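Notes for the one structure printed next.
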C-alpha cells in the first residue's frame with residue numbers, strides 16, 4: 001500500500017468522497033471526457049457492463065465539436081419559448097444506473113469498488129453541470145440572446161446554489177462545487193461567441209454601472225446628432241434607469257456610480273460641450289465611397305470618421321455587433337499631414353484597427369474634415385480632450401490619446 005493510499009484509508013468516507021468530487025469537478029472538460037472514455041474501455045467496466053445502464057440527461061446533442069474550444073460544453077440555439085443548449089459532448093450528459101446486485105457483489109473488491117465510485121462521481125458532476133446550465137439559461141436569457149452587457153442580471157454564487165437546490169438530483173450543490181465548474185466550462189452563443197460560464201455572474205453594482213455607461217453612451221450619441229441639447233441630470237438618469245430596467249436608484253446613488261466610472265456630472269458635461277462648438281469648423285459628413293476617397297485633400301488637417309447605416313452581412317459576427325453598436329455615431333478622431341493618405345491607410349488595414357477598417361472596407365462610414373496649414377496635431381489634441389471631457393469616454397476607435 002502506498003503512502004497516499006495509507007493516508008486515504010485513514011480519512012472518513014464522507015471526507016474522502018468530498019475530496020474525490022472536488023477533483024473531478026476541477027478537471028477541464030476535455031480531460032474529463034477522456035477520463036470517462038478510458039473508464040468505459042477498462043477491463044473492470046467491460047466485466048460489469050451488463051449490470052450498468054447508460055442514460056443521458058437530455059437528448060439535445062450536437063455532433064460538430066469546435067476543436068479550438070476545448071472547454072465549450074454546448075451551443076445555444078434560439079427557441080420560441082426559451083433558449084436551448086445543444087450539448088457537444090455525450091460524456092457531459094451521461095448518467096449511469098448501477099444494479100444494486102453489482103454493488104453488493106463487489107463490495108469487497110477494491111478494483112470494482114473504485115469503478116463504482118468513479119461512476120457515482122461522474123453522475124454527480126453531470127447532474128450538477130446540467131442543473132447549473134438550466135439556472136444560467138433561465139436567469140441570463142436576455143443577455144445570452146442580445147450579448148448586451150446591460151442585459152446581464154444580478155447573479156451570484158449563492159443565488160445559483162439556492163436556485164439549484166429546487167432541482168432534483170442526488171448531489172447537493174454548494175458554493176465551492178459550483179465555483180469549480182464555472183472555472184472550467186464555457187458555452188457557444190448563437191452567433192459563435194465563446195462565453196465562459198463565470199462571465200454570466202454579475203453583482204448588482206456591476207450591473208448598475210454597465211447600464212449607466214450605456215445611458216451615457218446613448219446621451220453622447222443624442223448630443224452629437226442634435227436630438228437633445230443638454231446632458232441628462234442625475235435625476236433624469238435615475239428616471240431612465242427606472243423606466244427601462246425597473247431599477248430604483250437615488251440621485252446620490254447615481255452620483256456615486258458616476259464617480260466610480262469617472263463620468264463628470266451633467267454641469268461639467270454641459271460646460272464641456274465646447275467640443276460641439278469647437279468642431280463646427282469641420283465640414284459636412286461625406287460618405288466614404290471610393291469616389292469620395294479619391295477626392296479627399298492631400299493636405300494636413302483633422303478629421304472625424306462616423307459609422308454609417310446598418311453594417312454589411314459578409315463580416316464576422318463580432319465586428320457586425322460592434323458596427324451595430326456604434327451605428328450613426330462618431331467613432332474616430334484623427335489628424336494627419338495628408339488626410340487622404342491617412343484615411344486610405346485605415347481602409348487598407350494598416351492601422352491595425354479591425355472595427356475602423358471594417359467600416360471603411362464595407363463602405364459603411366462617413367467622414368468630415370478641416371484642412372489646416374499648421375498645428376493640426378495640437379488641434380486634434382484639444383478636440384480629443386474636449387470630447388473625453390464632454391462624454392466621459394474616448395471615441396470608440398481611438399485606442400490611445402494623441
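Number of residues in region 31-49 that are within 13 Å of residue 184 (Cβ to Cβ) and surrounded by 17 or more Cβ atoms within 10 Å (Cβ to Cβ): the value is 2.
Among the criteria (1) at pLDDT below 80; (2) within 30 Å of residue 237 (Cβ to Cβ), the one residue 333 does not fulfil is (1). Go through region 253-305 and give me each residue that's out of contact with any helix residue (DSSP H, G or I) (no Cβ under 9 Å at 6 or more places or on another chain), outside any loop (DSSP other than H, G, I, E, B) and at pLDDT 80 or above. Within region 253-305, 256, 259, 287, 290, 291, 292 meet the criteria. Only residues that are part of a loop (DSSP other than H, G, I, E, B) and surrounded by 15 or more Cβ atoms within 10 Å (Cβ to Cβ) were counted in region 364-402, giving 10.
Residues to consider are 40, 62, 44; find the one that is farther than 21 Å from residue 123 by Cβ and either out of contact with any helix residue (DSSP H, G or I) (no Cβ under 7 Å at 6 or more places or on another chain) or at pLDDT 85 or above (or both). Just one listed residue meets the conditions, 62. Restricting to region 199-247, and then to whatever is at pLDDT 85 or above and loosely packed, with under 14 Cβ neighbours inside 10 Å, can you tell me which residue is farthest from the chain's Cα centre (by Cα)? That would be 235.
Of the helices (runs of 4 or more DSSP H) contained entirely in region 75-150, those carrying at least 2 residues that are modelled with pLDDT of 90 or more and over 23 Å from the mean Cα position of the chain (by Cα) fall at 110-139. Which residues, taken from region 151-195, are assigned to a loop (DSSP other than H, G, I, E, B) and closer than 30 Å to residue 213 by Cα? Across region 151-195, the qualifying residues are 152, 153, 154, 156, 185, 189, 190, 191, 192, 193.
The values are calculated or read from the model by the stated rules, or taken from the named source; none is laboratory data. Owing to the predicted nature of the structure, the values given are computational and were not obtained by experimental measurement. When we count neighbours, we look across all protein chains shown, and the Cβ atoms used for this are built from the backbone with ideal geometry, even at glycine.
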